[in-house]
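To keep things clear, I will list the structure first and then write my remarks on it.
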Amino acid sequence: MSFILNIETATKNCSVSIAKNGETIFCKEIAEEGYSHAEKLHVFIEETIAESNISVQDLAAIAVSQGPGSYTGLRIGVSAAKGLCYALNIPLIAVNTLETLASRVSVSEGKIIPMLDARRMEVYSEIFTADLKAERAIQAEIITEDSFAEYNEPLYFVGDCADKCKPVLTKENFIFLEEIKYPSAREMSKISYDKYQKSDTVDVAYFEPYYLKDFMMTLPSKKQ
């Protein structure tokens, strides 16, 4: 049997799960405005392993969300995953954040479009078929009234962009599943196990998160 620790920190949701042969057996997560990943992640890892009644030596691999998403959140998750892989001498698996988010949707037709907030009217998005096959690559795009207008089939939007995108994307076939805001380590389990079985792993030393855009730091304005 194969136990995999899944770490998802690309958004406000700090999420950790343990999976056995691709099935989640325990998941612990919290979504907070303040991005408390640095304080919560290692505690969640310890608690998740303990609650799963295994030891850290039982882990066959570590899976981590590769992005796109929060620069700081991704760095925290990847750093923790790399440290564990080095210490345990086990492989590292990188999981597409938007695929994890899309995996939270179960529909029989149409397309699934996971979107994560970038800034202003920009989002990180990807397009999946109903059976979760990637149909369009990840993009950083500005949402306008013309976005996705070429589609007439049902489009299911998930992610943390509903508040800013729903007033703009108003076609009748556009369906916002507003209750699904963030990716979760719970849905990483099957994806990471499939990758593990195929030996689809990344180099622990050289792997970097998929930021999609350069990190930009905003400096406070000087007082006059």
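When you scan segment 77-122, how many residues do you find that are among the acidic types (Asp, Glu) and either touching a helix residue (DSSP H, G or I) at 6+ places or on another chain (Cβ under 8 Å) or in a helix (DSSP H, G or I) (or both)? Walk me through it before giving the result.
As a first pass, look at segment 77-122 and keep what is among the acidic types (Asp, Glu): 99, 109, 117, 122.
With either touching a helix residue (DSSP H, G or I) at 6+ places or on another chain (Cβ under 8 Å) or in a helix (DSSP H, G or I) (or both) added as a condition, the list becomes 99, 117.
Matching residues across segment 77-122 total 2.
Sort out which residues of segment 101-121 are more than 16 Å from the chain's Cα centre (by Cα) and either crowded, with 16+ Cβ neighbours inside 10 Å or small (Gly, Ala, Ser) (or both), and write them in order of number.
Within segment 101-121, Ser106, Ser108, Gly110, Lys111 meet the criteria.
From the list Phe148, Phe128, Phe157, Phe176, which one is over 26 Å from Ser15 (Cβ atoms) and surrounded by 13 or more Cβ atoms within 10 Å (Cβ to Cβ)?
Numbers: Phe128 fails: over 26 Å from Ser15 (Cβ atoms); Phe157 fails: over 26 Å from Ser15 (Cβ atoms); Phe176 fails: over 26 Å from Ser15 (Cβ atoms).
Only one candidate passes the filter, namely Phe148.
Do we find a residue being at positive phi, modelled with pLDDT of 95 or more and assigned by TED's automatic domain parsing to the domain that holds His37 anywhere in segment 92-106?
Filtering segment 92-106 down to residues at positive phi leaves none.
No, that holds for no residue.
Quick one: in segment 151-191, of everything that is in contact with a helix residue (DSSP H, G or I) (Cβ under 8 Å, 6 or more places away or on another chain) and among the acidic types (Asp, Glu), which residue is nearest to Val123 (Cα to Cα)?
Ranking the qualifying residues of segment 151-191, first place goes to Glu178.
Which numbered condition in (1) in contact with a helix residue (DSSP H, G or I) (Cβ under 6 Å, 6 or more places away or on another chain); (2) not in a helix (DSSP H, G or I) is the only one that Asn53 fails?
The number of the failed condition is (1).
Pick from segment 31-50 the residues that are under 16 Å from the mean Cα position of the chain (by Cα) and closer than 13 Å to Ile7 by Cβ: which of them is modelled with the highest pLDDT? Don't jump to the end; show me each part of the working.
Kept after step one, since they are under 16 Å from the mean Cα position of the chain (by Cα), are these residues of segment 31-50: 31-32, 35, 37, 41.
This time we only want the ones that are closer than 13 Å to Ile7 by Cβ, so: 37, 41.
On the way: His37: 92, Leu41: 97.
Per the stated criteria, the residue is Leu41.
Do we have Phe44 as surrounded by 15 or more Cβ atoms within 10 Å (Cβ to Cβ), more than 28 Å from Asp160 (Cβ to Cβ) and touching a residue at least 12 places away in the same chain (Cβ under 8 Å) here?
no
I'm trying to understand the selection: among the residues of segment 1-26, which are part of a loop (DSSP other than H, G, I, E, B) and either in contact (Cβ under 8 Å) with a residue 40 or more places away in the chain or within 16 Å of the chain's Cα centre (by Cα) (or both)?
Taking segment 1-26 and keeping what is part of a loop (DSSP other than H, G, I, E, B), we get 1-2, 9-12, 21-22.
Scanning segment 1-26 gives Ser2, Thr9, Ala10, Thr11, Lys12, Asn21, Gly22.
Restrict the check to segment 165-172 and report whether at least one residue is under 24 Å from Thr11 (Cα atoms), among the charged types (D, E, K, R) and under 21 Å from the mean Cα position of the chain (by Cα). Before you say what the answer is, go through the steps one by one.
So the first thing to find is which residues in segment 165-172 are under 24 Å from Thr11 (Cα atoms), and the list is 165-169.
Add one more test, that the residue is among the charged types (D, E, K, R), and what stays is 166.
With the extra rule that they be under 21 Å from the mean Cα position of the chain (by Cα), the set shrinks to none.
No, every residue in segment 165-172 fails to be under 24 Å from Thr11 (Cα atoms), among the charged types (D, E, K, R) and under 21 Å from the mean Cα position of the chain (by Cα).
Of these, Gly67, Gly77, which one is crowded, with 24+ Cβ neighbours inside 10 Å, within 18 Å of Met115 (Cα to Cα) and not aliphatic (A, V, I, L, M)? Break it down into steps so the answer makes sense when it comes.
Values: Gly77 fails: within 18 Å of Met115 (Cα to Cα).
When all the criteria are applied, what remains is Gly67.
The values are calculated or read from the model by the stated rules, or taken from the named source; none is laboratory data. Note that this is a predicted model, so its numbers are computed, not measured. Heads up, the Cβs are rebuilt from the backbone with ideal geometry, glycines too, and the neighbour counts pull from every protein chain shown.
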